[in-house]
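The values are calculated or read from the model by the stated rules, or taken from the named source; none is laboratory data. It should be emphasised that the depicted structure is a prediction, and the values quoted were computed from it without experimental measurement. Cβ placement follows ideal geometry from the backbone for every residue including glycine, while neighbour counts extend to all protein chains displayed. In case anyone asks, the SASA skips ligands and DNA or RNA and just uses the protein heavy atoms, side chains included. Shrake-Rupley method; radii C 1.70, N 1.55, O 1.52, S 1.80 Å.
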Amino acid sequence: MSCACGQNHNHAPPLVLGGEEIPLERPLVSLSGRLICKDAAQMLLALDLLTEHAELSRAERGNLRFDLAQAEDPLVWELNELYADEAAFQAHRDRLKDSRWGRESHGIQRDFTRSEPMPRLRAEMAHDRAAVSELLACAFDGPAEARLVEALRADDDLALSLVAEAEGTVIGHVALSSLKAEGPALALAPLAVHPAVQSRGIGEALTRAALAAFDDHTIVVLGDPAYYGRFGFAPADLDSPYAGPHLMALGPELPAGSRIAHAQAFAGL
């Protein structure tokens, strides 16, 4: 990486994550299996009910995933559901009692398996990109951060992109990107966790994994001092358009007052 002083600072090789589990005090709840209709009449009933059932389930505050697909056998639907915790799953079940699906689908056979998965950390893969963009738009209530990560990726400025996933569902993400500075340095941004599972340690696990991957670099972040202070970030005296109390750094000190420049994609924010 080329820095403001004109020297080359090669990135340390990123940490290769082997699916480290994030322990949660309240585990997620996963439901997977099949809906099995006994005849064409039940199949037509399912067709009538399932679109609304899926939309209402996905809109639930504690729902993280509701995938529904008709199998090769038209009498069978395959479902995969994921909920933030037991309370979210019970809220889903309570809602069903007064729903059309709950009232009218009793004759359709259920064949489900329930589990309580823990999220795992791993490097982002190509097939995650749409899910990462969807997560960022959800977590930040708009598309700006999703566009930032897409631009960083397109410009080859992503030094590290990690996800937290459970049962194939991306529920957290953190990125490190190129930063021009007078020493090896990277910018941490954005950090995102699905609103349904925030404040449960997922963001902290993502941040610590990103910091461990580049522990010989200065990591610069623009964020809440109360949150990032727990990792050792401190206010940074650096020349930047983002200078102020929310600009913080961790790692080898950069010269006081020295200039830093974020990747070009940040200009679009």
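Here are a few things to note about the model shown:
- Count - residues of the range 162-207 that are over 23 Å from Ala267 (Cβ atoms) and assigned to a strand (DSSP E or B): 10
- Looking only at residues in the range 61-84 that are among the acidic types (Asp, Glu) and in contact (Cβ under 8 Å) with a residue 40 or more places away in the chain, the one that is most open to solvent (accessible area, probe 1.4 Å) is Glu78.
- Any hit, the range 114-125, residues being in a helix (DSSP H, G or I) and touching a residue at least 40 places away in the same chain (Cβ under 8 Å): no
- Residue in the range 189-200 that is hydrophobic (A, V, I, L, M, F, W, C), closer than 30 Å to Arg58 by Cβ, free of Cβ contacts under 8 Å to residues at least 40 places away in the same chain and open to solvent by 20 Å² or more (accessible area, probe 1.4 Å) present: yes
- Residue match in the range 205-214 (condition: β-branched (Val, Ile, Thr) and open to solvent by 10 Å² or more (accessible area, probe 1.4 Å)): no
- Hits in the range 192-230 - residues which are among the hydrophobic types (A, V, I, L, M, F, W, C) and at positive phi: none
- Matching residues, the range 138-149, being in a helix (DSSP H, G or I), open to solvent by 40 Å² or more (accessible area, probe 1.4 Å) and within 12 Å of Pro190 (Cβ to Cβ): Ala144, Glu145, Arg147
- Selection count, the range 242-269, where residues are within 12 Å of Ala181 (Cα to Cα), open to solvent by less than 20 Å² (accessible area, probe 1.4 Å) and of a type in the set (A, V, I, L, M, F, W, C): 2
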